[in-house]
Amino acid sequence: MKRLGVNIDHIATVRNARGEFHPDPFFAANYVKKKGADSVTIHLREDRRHIKDLDAKKICSIKKLRVNLEISIRDEIVKNAIKIKPDFICIVPENRKEITTEGGLNLIKNKKKLKKIINMFKKKGIRTSLFINPSLKDVKISKDIDVDCIEIHTGSFSSKVKLKKNYLDEFIRIKKCSILANEIGLEVHAGHGLDYRSTKILSKINEIKEFNIGHFIIGESIFFGLEKVIKKFKSIIK
Ligand code: PXP
């Protein structure tokens, strides 16, 4: 069974547009769980542009909700993440000026630091994934770093599907990485830019165990409601 992780960052984006309390990401986390999400993803960005520390703390205190906290490797954020105590952490690259996470981590440059952070999380009982580009080399380095899971950045694949371009090369790249990761004992997650069509295509890859989807779910819910959109994604990935 594949899992659906719902990224609720953009509920906070809408709330923050008014600087008040509505719509509430804490309510959203409870709601998406009730409607069938297998986990909730939140990204505590260095600039706190959507999810804030208090949101993350409250969401991580919800009983029986699997929370996947996305963070960068910046010391201040890593310290906060440990205090927040999520079930899972996904380490992502972060660039202040980017609109969204643009690509996977630079594993070669950050290998030593990543190893240290993951080891620290392990001691605290937190499972960790690394957000990586679909590259066999990065899958092998991830194993070397001793992480539990990888999340494959599906941005290029998703764009090609959306633009009705030939996506076969990207699909094969993701498939090969998923197979290798699975063989060497890394759990495989996938996410970024996914919609119904791209998720349906990637669902054919048995080794992908979890999809993390945000922007499309929240956008589509404006028209059809979160419940319907979550149910549709669940039926696509099952
Ligand atoms: N996975 C990771 C690691 C991400 O950083 C993001 C974007 O925050 C997503 C999944 C979700 O991407 P999208 O919002 O495009 O569905």
Of residues in the stretch 194-205 being touching a residue at least 12 places away in the same chain (Cβ under 8 Å) and surrounded by fewer than 21 Cβ atoms within 10 Å (Cβ to Cβ), the one nearest to the ligand (Cβ to nearest atom): 195
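Yes/no matrix, rows are residues, columns are (1) away from the ligand (no atom under 11 Å from the Cβ); (2) at pLDDT below 95:
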site: 83; (1), (2): yes, yes
site: 87; (1), (2): yes, yes
site: 92; (1), (2): no, no
site: 96; (1), (2): yes, yes
site: 99; (1), (2): no, yes
site: 102; (1), (2): no, yes
site: 116; (1), (2): yes, no
site: 121; (1), (2): yes, no
site: 128; (1), (2): yes, no
List the number of the failed condition for residue 168; all other conditions in (1) surrounded by fewer than 18 Cβ atoms within 10 Å (Cβ to Cβ); (2) within 16 Å of the ligand (Cβ to nearest atom) hold. (2)
Go through 89, 51, 62 for me and flag whichever is of a type in the set (Val, Ile, Thr), part of a loop (DSSP other than H, G, I, E, B) and within 15 Å of the chain's Cα centre (by Cα). 51
How about the stretch 79-102: which of its residues are in contact with a helix residue (DSSP H, G or I) (Cβ under 7 Å, 6 or more places away or on another chain) and either among the basic types (Lys, Arg) or within 22 Å of residue 191 (Cα to Cα) (or both)? 85, 86, 89, 91
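State all residues of the stretch 104-114 that are among the hydrophobic types (A, V, I, L, M, F, W, C), surrounded by fewer than 16 Cβ atoms within 10 Å (Cβ to Cβ) and within 16 Å of the ligand (Cβ to nearest atom); if no residue qualifies, say none.
none
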Positions within the stretch 44-65 being surrounded by 18 or more Cβ atoms within 10 Å (Cβ to Cβ) and charged (D, E, K, R), in sequence order: 45, 55
Scan of the stretch 69-81 for residues that are part of a helix (DSSP H, G or I), farther than 17 Å from residue 123 by Cα and within 16 Å of the ligand (Cβ to nearest atom), ordered by number: 77
In the stretch 196-227, what count of residues is obtained for those that are acidic (Asp, Glu) and within 14 Å of the chain's Cα centre (by Cα)? 1
Working only within the stretch 32-48, note down all residues that are closer than 21 Å to residue 85 by Cα and either away from the ligand (no atom under 16 Å from the Cβ) or in a loop (DSSP other than H, G, I, E, B) (or both). 33, 37, 38, 44, 45, 46, 47, 48
Within the stretch 178-192, is even one residue within 16 Å of the ligand (Cβ to nearest atom), more than 13 Å from the chain's Cα centre (by Cα), of a type in the set (D, E, K, R) and closer than 25 Å to residue 44 by Cα? yes
Looking only at the stretch 2-29, which residues are within 15 Å of the ligand (Cβ to nearest atom) and not in a helix (DSSP H, G or I)? 2, 3, 4, 5, 6, 7, 8
Where residue 234 falls short, out of the listed (1) under 30 Å from residue 120 (Cβ atoms); (2) touching a residue at least 60 places away in the same chain (Cβ under 8 Å); (3) not hydrophobic (A, V, I, L, M, F, W, C): (1)
Quick one: which residue in 172, 141 is among the aliphatic types (A, V, I, L, M), farther than 19 Å from residue 90 by Cβ and assigned to a helix (DSSP H, G or I)? 172
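The values are calculated or read from the model by the stated rules, or taken from the named source; none is laboratory data. Predicted, not measured: the structure shown is a model, and the values here were computed from it. Glycine gets a Cβ as well: all are built from the backbone with ideal geometry, and neighbour counts include every protein chain shown.
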